[in-house]
1. Taking the Cβ of each residue in MET159, MET1, MET325, MET194 as the centre, tally the other Cβ atoms inside 10 Å and list the residues starting with the fewest.
2. Taking 7 Å along the Cα-to-C-beta vector as the label spot, tell me the ALA403-GLU130 distance in nanometres, rounded to one decimal.
3. State to the nearest 20 debye the size of the charge dipole of the stretch 269-385 about its Cα centre, where the only charges are +1 on K and R beta carbons and -1 on D and E beta carbons.
4. Would you report the distance distribution of C-alpha pairs in the stretch 269-385 as whole percents per 5 angstrom bin, up to the bin with the largest distance?
5. Toward the positive end of the charge dipole of the stretch 269-385, about the Cα centre and with charges on Cβ (Lys, Arg +1; Asp, Glu -1), which of VAL344, PHE364, ALA381 goes farthest?
6. Label LYS350 and LEU15 with points 7 Å out from Cα along Cα→Cβ: what is the distance between them in nm?
7. Compute the FRET efficiency between THR87 and HIS212 as 1/(1 + (r/R0)^6), taking r as their Cβ-Cβ distance and R0 = 22 Å, and round to the nearest 0.05.
8. Taking the Cβ of each residue in VAL91, VAL315 as the centre, tally the other Cβ atoms inside 10 Å and list the residues starting with the fewest.
Amino acid sequence: MDAVTFEGVSKHYRLGLTRTSLPSLAAEWVRGALRPGTRTSRGDDVLWALNDVSFSVRRGESLALVGPNGAGKTTILKLLANITKPTAGRVHVAGRLSALIELGAGFHPDLTGRDNVFLNGAILGIRRTEIQRRFDDIVDFSGLERFIDTPVKRYSSGMIVRLGFAVASCIDPDVLLVDEVLAVGDAAFSQKCMSRIRALIKQGTSIVFVSHNLYLVKAACEKALYLSAGRCLCEGSTDEVIRAYEQDIHDERARRCAVEQAVPDHGGGIEITSVTLNGAPAAGGPGLRNDTPVDVRIAYVAYVDFGRAHVSAFVRRSDGIACCMLRTSRADIDIQVRAGEGVVTLRFEKLQLCAGMYYVDAYFLDESDAVVLTPAGVRSAWFTVAGDGLSSPDDSGVFEPGAQWAHQPAESRAPTTPVHATEGPARR
């Protein structure tokens, strides 16, 4: 049975329209009729936030919505939460719904945390008796026992998010909507929220999850929907959809870089022409094993004799996190740059990266290893790492170091007969 149904849903907004009441709309139409030059509802005044989007979520299933800003992800959540109505199509949610879209939006600043728990619960449609029964669990989850009788206006933004998440997630909803709430708060609370979301999924709650952190998406969801400009571009398993989304991001960055580098700046006298990986398959391919040797070739052209220089290379994950940085200065490599073309090669004996998508960018520095000669740097094509299939996708980290396990079992001993205490002869 489907907990969430989206059938051919479209939603448009009028650009520049500040009021949507009937008198306001009528007054605007009259002004447009009397003054032909006044802005009216031409086609370019309409923004289609969603355009013929369809999907469904079964009971106990988790769906991620991924895509750039303005793709329509939050619009879908607002339609599911009945905050707004679709222009066309059908939206159906079965059972109790809880939305983690704007946590704390219903809190009253002058009321205490305790009062706001009951107020927020009432907004979510929870009976007072049920809130009373779950009150201790809500406060314990939020970690705000000491501040629960303090007015919310004295709370930090992180404390408000804690309390809002605790109320919305502790009522055991049938459908839970999550929109970037894990981006606020400390790491420990984010892990606690993820554990709570997994527990809800196991209990049969359906999750619709929105986050720009693709590693959280992988940890929380089994399938995903890739949106762009209000349209669904791809739907399938989380890994497949994220791979398609990251490839589009890379292609867009490559186009921008091509425009920026169309007129190269030779002010530094040296230019990196390409960064390539020998043996790395193309993005979307089978993936490079993390125990495979890889050569990174940094091709350059120098317009003058430089003499001694240094090179630095960064391996970065798809979200921009630097996995490692290597510099020739730390390896005592003497690079003498003369006018002409050359290649610097960096060899990884074992790549040791967890499964995912990565790229390498490289820079030239002067002899002091302090002044960057190629500020823009040059990035390699994205490459995939398949890993060995043993890493947990929920918490795999960044790299898989070469290591060996050892086990020292207990020594094998022959079974012994239990000795029972008996009364011995009396001592004299």
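Bear in mind these aren't lab numbers, they're just calculated from the coordinates by the rules spelled out. Keep in mind it's a predicted model, so treat the numbers as computed, not measured. Quick reminder, even Gly has a Cβ in these numbers, built from the backbone with ideal geometry, and neighbours come from all protein chains shown.
1. The most exposed by this proxy come first: MET1, MET325, MET194, MET159.
2. About 4.5 nm, to one decimal.
3. Numbers: 11 positive and 13 negative charges, 78 e Å.
Computed about the Cα centre, the dipole is about 380 debye.
4. So the P(r) values, bin by bin, are 2, 12, 22, 25, 17, 11, 8, 3, 0.
5. Positive-most Cα among the choices belongs to ALA381.
6. 5.5
7. Step by step, r from the Cβ atoms, then E = 0.25.
8. Listing VAL91, VAL315 from fewest to most nearby Cβ atoms yields VAL91, VAL315.
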